[in-house]
1. Can you list residues whose amide H is under 5 Å from B:Leu110's amide H, if they're 5+ apart or on another chain and H is modeled 1.01 Å from N?
2. Quick one: go through segment A:57-83 and flag any residue whose amide nitrogen is under 12 Å from the point 7 Å out along the Cα-to-Cβ line of A:Ala108.
3. Which value results for Rg/Rh of chain B when Rg is the Cα radius of gyration and Rh the Kirkwood radius based on the inverse mean 1/r?
4. On a straight-distance basis, which lysines could pair with B:Lys42 in a cross-link, Cα separation under 19 angstrom, same-chain partners fewer than 8 positions away excluded?
5. Mind checking which of A:Thr64, A:Thr16, A:Thr214 has the largest fluctuation in a GNM of chain A, springs on alpha carbons under 10 Å?
6. Can you compute the radius of gyration and Dmax for segment B:76-194, using only the Cα atoms, both in Å?
7. Pull out a ≥ b ≥ c, the square roots of the eigenvalues of the alpha-carbon gyration tensor of segment A:62-102, then state rounded if a/c is under 1.5, prolate if not and a/b is larger than b/c, and oblate in the remaining case.
8. How many Cβ atoms of partner chains, on average, are near each residue of B:259-267 if near means within 10 Å of its Cβ?
Amino acid sequence: MAEIPIAGVFVELVDTLVDDFDVTRFLHVLTQRCVQLLDISSAGVLLTDRQNTLQLVAASSERTRLLELFQLRSGQGPCIDCFRTGQPVSVADLPAAGRWPRFARAAAEVGVAAVHAIPMRRRNEIIGALNLFNATPGSFDGATRCFGRALADAATVGLLQHREIRRRDSLTEQLQAALSSRVLIEQAKGVIAERHDLDMDQSFALMRSVARSTNRRLRELAEAIINGSERL
Amino acid sequence: MQNALARVDVERRRAERAAVIAERHERQLLTDTPGLREFHLKMATMHRRVQRQHLAAAAMHAAHARRLRTWIGTPQRHNALPRFMASVAGAAGVGSAALTLFGPGLVETLSTASDRCAKAAQDLEFTLGEGPARDAMAAGIPVQAIGSAIRRRWPHYGPAVQRLGVATIAATPVELTGVPLGALTLFDQRRRCESDCMDNLQAVADSVAGMLVPADNQGNLDGLGDLDDPGGLPVRAALLAEGDSRAIVHQATGMVSVQQGCLIQDAFALIQARAFAEDRPMESIAKDIVEHTLRLD
């Protein structure tokens with residue numbers, strides 16, 4: 001394994017603060033890098049969505065992707081166990097191991113005989129599992145496990161960073177909207193108060209009841225009052 | 001107060017974590033291959049910025065906790081709860097600070113100040129439609145003026161704010177993940193030198209920006225409903241609750257738009273013009289309009 005390509009890969013995985021970041025593409029690249037750098041046949045990854053449910057799937061080949069999907073749907077398999085326990089799950093010989101019978105059969109069909117599942121976690125947060133597969137039985141060597149873990153960690157850092165940015169973006173937008181709504185509502189209060197000779201509390205009460213009866217949010221009603229489309 | 005003290009610890013630990021990561025990148029900057037140098041520099045810079053931000057936050061929470069302790073220990077509590085903005089000013093090393101949030105069209109949506117001086121300065125800017133917060137927000141870069149530069153830069157706002165005794169002004173945009181929310185303005189009665197002001201300003205502004213949205217996975221903001229109940233709140237709510245949404249001015253604007261049959265923006269301009277002509281704050285004119293003791297005819 002050449003040094004420079006590996007170092008570049010780590011940078012690639014952590015540098016997620018880019019405008020056009022796409023999770024699915026990122027995961028796909030991750031699995032491709034695993035196959036390029038490690039002594040394995042294929043790789044797959046399962047990732048959680050915003051509700052913390054395992055949802056996203058990516059893999060280095062279509063057959064592997066179907067295998068991962070199978071695990072997701074059946075809720076059974078080494079990668080699922082890895083995600084649930086937060087610990088690596090390593091099986092050198094799937095058929096012989098006698099665990100997860102349905103998964104083992106599906107794996108045999110796509111030519112997978114050994115699996116090493118690595119949790120994608122940072123402190124107490126587990127966001128998914130990175131799964132390494134081999135076509136021939138045999139345990140994964142130390143270098144594979146070690147580098148596999150490092151790649152999983154780098155990808156986890158990158159993904160969590162991106163999630164935090166997205167969360168803040170969304171909250172910032174909400175804050176902006178809430179603050180600007182307040183301005184609109186106060187302006188509309190003034191309009192209604194003047195038009196109907198009411199005080200501000202009465203005006204607000206009138207607005208609330210109209211909003212309720214016309215099934216609109218206060219902000220929408222306020223905007224309509226101000227731009228004249230609502231002749232309350 | 002317990003809240004504030006707990007936050008001091010949280011912020012200090014975060015600062016330490018960021019420092020550790022930054023140090024690692026700084027070491028690797030020297031030993032690693034040239035191809036990775038840019039990456040390590042980027043990461044180190046980012047983490048140092050985060051470290052300074054958390055240190056500034058820790059300082060603010062500590063100062064606020066001290067103020068709260070003093071306030072609680074005072075037998076007659078004449079004053080309102082100590083303002084968090086006062087701690088922000090302290091952390092920035094100046095006498096007064098003002099946070100102004102803007103909506104579309106540079107409309108002020110929230111203003112909060114550390115003391116009467118900062119509030120008066122903010123009101124001046126609001127009335128005159130000219131000043132450091134607006135400039136920083138509109139340009140997206142820090143703004144600064146010391147001594148006579150103040151009235152040169154702002155022909156109307158300048159002399160007025162100098163009459164309040166202000167000799168140094170520095171303002172910087174407050175943004176979160178690149179989205180501009182408003183500006184943090186610092187005021188001092190003394191003439192300060194350039195580097196003095198700008199040094200800490202960025203870290204303090206970043207820190208305040210971070211305080212405006214919930215830190216943990218607390219899901220969505222439920223409008224601003226959770227903010228109307230003061231006392232012992234997390235800082236975010238305190239900051240926003242201390243703020244003035246200038247409700248009365250917006251109400252008066254609505255009234256004037258009906259009275260004069262004009263658009264909201266024009267109604268606002270009419271109130272502004274009257275405030276300017278009578279040398280009174282907008283709030284005062286607005287109050288008269290809402291109480292029907294004044295009509296802008």
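We did not get these values from a lab; they are worked out from the coordinates using the rules stated. Just so it is clear, the model here is predicted, and its values are computed rather than measured. For neighbour counting, all protein chains shown are included, and Cβ atoms are generated from backbone atoms with ideal geometry for every residue, glycine included.
1. Sorted by chain and number, the residues that satisfy this are B:Leu101.
2. It comes to no residues whatsoever.
3. Working: Rg = 21.1 Å, Rh = 20.8 Å.
Rounded to two decimals, Rg/Rh equals 1.02.
4. Partners within reach: none.
5. Between A:Thr64, A:Thr16, A:Thr214, it is A:Thr214 that shows the largest mean-square fluctuation.
6. Rg, Dmax (Cα atoms, Å): 13.7, 46.
7. oblate
8. Numbers: counts 3, 0, 0, 0, 3, 8, 0, 0, 3.
If you average over the peptide's residues, the count of other-chain Cβ atoms is 2.
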